[in-house]
Amino acid sequence: MSWLLAPLAYQFMQRGLLASVIVGVLCAVMGTYVVLRGLAFLGDAMAHAILPGVAVAYLFGGNLLVGAGAAAILVALSIGLFSRQGEVKEDTAIGIMFAAALSLGVALISSMQTYAVDLSHILFGNVLGVSPSDLWMIAGLSFIILLTVGLLFKPFLVISFDPVLAATLRLPAELLRNLMLVLLALTVVVSLQTVGVSLAAAMLVTPAATAYLLTRRLWPMMLVSALIGALSSIIGLYLSYYFNIVSGSAIVLTATLFFLLAFLWKRTKSI
Amino acid sequence: MTHTPHRLEIENASIGYGEKIVMRDLSFQVPHGARVAVVGPNGAGKSTLFKALVGILPLQSGRILIHGELLGAHKDCVAYIPQHEDVDWRFPVTVSDVVMMGRFGQMGWLSRPSKTDKQIVRKSMEQMGIGGLANRSIGQLSGGQQQRAFLARAIAQEPHILLMDEPFTGVDVTTQEATLNLLDHLHSQQVTTIISTHDLNLAASRFDLVLLLNHKLIAFGTPQEVFVKENLAQAFGNSLLVMENGVMLVDECCPPEEEHDHHDHAEVK
């Protein structure tokens, strides 16, 4: 058992493990909506769209998470604004905002030169650099997001499954849709630290897609997805420790392995 | 009750999509508990009227009152079954999950289903003959079974007014019968039912009132009052053939997929 406990002798490993598990669960739960509502492209876009926010926070020496959060919410709301009346299709609006934000981020970053290392941490995560205050922020935001999802489980179910029923029941579908985008943006921001912006989209999609293969109802799908997200984070982090590979990649590759196993299991079952 | 007020009133309503007005200056009143058949040629605006009644499509002018209050004041008293359910059939929900959604309006968005809610859901499914399918995924059901699942959801909603768009078109006999039985049941429960149909015999035999439409109100009254030559000629134009012995034929089949799409076929000039 010593190989299990050895990494935990280091405090930064303990914090890293906690942070990855929290982020794994959070991404997996929000990911069910991403998979069911076909928002994978949006998740990917959102992850890249927070670059300018991070860059601005860097320039002014502010908190990276705050900068990323502000950028993500701004992008999420402007996508909602452009596509609300149907003048522009949602995926088109996402494409425009995604490219614009990414370009702005790269433009801002290219004007500076000193932080190549930190930039790679933003892109691929630096789970071992999670400070106690980072951990508190990750835990707090995750709690708020998961609580909101729990409280709004039924309205989110109805607007996702049957928009006509949502209208007849007089649900504020527009507001709920925007709220979901904001929650998604915050999720991406929270996962910045552990898997980084370029792999956050994978953590949103892969565990949820795996759970979709294994379950038939939304609530179990969320639970199974969360379990796969947590397991992938733990296994991935150990792989990263022993084989000295980037933690974000190890976590995502573990999640992908779960997906492949579930896919094969489903195939053999249906034959 | 000493007086039965009109429970559904439409006053000078004009309905349309953007610039295009589909229904002009529509006024009628439906008394509480009545069974109303909505009849008219393809593209006459029947589905559009339903969407307005349920609040999905805002009125261009005029107003709709339910129990004397503006549409939207009562959150859960109108149930609506569109011609084609626009839902995600691959969504991970079971049949009983779908029917339970009918209870959401009454149970409150934050609370969990009570024993009563679960009982109502079970009874609604049994009434529509899909009790045995409760734990199936909604996507696994046949078309008729899916329609019955949505009918069960409408019953579970315990509405005062039930709107059904073409429930008899393109479904199996079992579902047709289940729907007709449901109409009788709802009539005994004093629920107002408004149903669009292409079946004029059905409209004449099973309904109290007929609403004849073609982009405007042509006639509204009992089947005897509405189904006369002048009205039908006005509604169906060239599709109507009057025989010498008084028999009238209406050439009306195959409703189009969407009656509000922009190439409108039924504009009778």
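Structure summary
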| quantity | calculated |
| --- | --- |
| Unmet requirement for B:Phe91, which otherwise passes all of (1) facing chain A (nearest Cβ under 9 Å); (2) modelled with pLDDT under 90 | (2) |
| Members of segment B:40-77 found to be of a type in the set (D, E, K, R), over 13 Å from the mean Cα position of the chain (by Cα) and away from every other protein chain (no Cβ under 12 Å), listed by number | B:Arg63, B:Glu69 |
| Qualifying residue in segment B:132-144 (condition: at pLDDT below 90 and either in the same structural domain as B:Ser196 (by TED's automatic domain parsing) or outside any helix (DSSP H, G or I) (or both)) | yes |
| Every residue from segment A:38-53 that is in a helix (DSSP H, G or I) and of a type outside the set (Asp, Glu) | A:Ala40, A:Phe41, A:Leu42, A:Gly43, A:Ala45, A:Met46, A:Ala47, A:His48, A:Ala49, A:Leu51, A:Pro52, A:Gly53 |
| Residue among A:Val29, A:Val35, A:Val56 that alone is part of a helix (DSSP H, G or I), more than 16 Å from A:Met203 (Cβ to Cβ), among the aliphatic types (A, V, I, L, M) and modelled with pLDDT of 80 or more | A:Val56 |
| Residue within segment B:127-143 that is within 14 Å of chain A (Cβ to nearest Cβ), without any contact (Cβ under 8 Å) to a residue 12 or more places away in the chain and over 21 Å from the mean Cα position of the chain (by Cα) present | yes |
| Leading residue by the ranking (surrounded by the fewest Cβ atoms within 10 Å (Cβ to Cβ)) among those in segment B:94-112 that are more than 9 Å from chain A (Cβ to nearest Cβ) and among the charged types (D, E, K, R) | B:Arg112 |
| Flag if A:Leu237 is surrounded by 17 or more Cβ atoms within 10 Å (Cβ to Cβ), over 16 Å from the mean Cα position of the chain (by Cα), at pLDDT 90 or above and assigned to a helix (DSSP H, G or I) | yes |
| Any chance B:Arg35 is closer than 15 Å to B:Leu163 by Cα, more than 14 Å from chain A (Cβ to nearest Cβ) and in contact with a strand residue (DSSP E or B) (Cβ under 7 Å, 6 or more places away or on another chain) | yes |
| Test: A:Leu65 is farther than 21 Å from A:Gln193 by Cα and of a type in the set (A, V, I, L, M) | no |
| Residue list for segment B:94-126, filter: at pLDDT 90 or above, more than 25 Å from the chain's Cα centre (by Cα) and part of a loop (DSSP other than H, G, I, E, B) | B:Pro113, B:Ser114 |
| Residues located in segment B:121-132, provided they are surrounded by fewer than 22 Cβ atoms within 10 Å (Cβ to Cβ) and out of contact with any Ser or Thr (no Cβ under 9 Å at 6 or more places or on another chain) | B:Lys123, B:Glu126, B:Gln127, B:Gly131, B:Gly132 |
| Residues of segment A:165-176 that turn out to be surrounded by fewer than 20 Cβ atoms within 10 Å (Cβ to Cβ) and at the interface with chain B (Cβ under 7 Å from one of its Cβ atoms), as a count | 2 |
| Pairs, first touching a residue at least 12 places away in the same chain (Cβ under 8 Å) and assigned to a helix (DSSP H, G or I) in segment A:192-219, second of a type in the set (Asp, Glu) and surrounded by fewer than 24 Cβ atoms within 10 Å (Cβ to Cβ), C-beta under 8 Å, six or more apart | A:Ala201/A:Asp44; A:Leu218/B:Asp97 |
| Test: A:Met180 is touching a Ser or Thr at 6+ places or on another chain (Cβ under 9 Å), closer than 30 Å to B:Leu57 by Cα and more than 14 Å from every other protein chain (Cβ to nearest Cβ) | yes |
| In segment B:78-88, the residues that are surrounded by fewer than 23 Cβ atoms within 10 Å (Cβ to Cβ) and facing another protein chain (nearest Cβ under 8 Å) | B:Pro82, B:Glu85, B:Asp86, B:Val87, B:Asp88 |
| Number of positions in segment A:150-159 that are more than 7 Å from chain B (Cβ to nearest Cβ) and crowded, with 19+ Cβ neighbours inside 10 Å | 3 |
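The rows are residues; the columns are (1) farther than 22 Å from A:Val252 by Cα; (2) at pLDDT below 80.
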site: A:Asp91; (1), (2): yes, yes
site: A:Ile94; (1), (2): yes, no
site: A:Phe124; (1), (2): no, yes
site: A:Leu135; (1), (2): no, no
site: A:Pro163; (1), (2): yes, no
site: A:Thr168; (1), (2): yes, no
site: A:Leu176; (1), (2): yes, no
site: A:Val182; (1), (2): yes, no
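The values are calculated or read from the model by the stated rules, or taken from the named source; none is laboratory data. Here the structure is a predicted model, which is why all the values come from computation and not from measurement. Don't worry about glycine lacking a Cβ; one is built from the backbone with ideal geometry, like all the others, and counts go over all protein chains shown.
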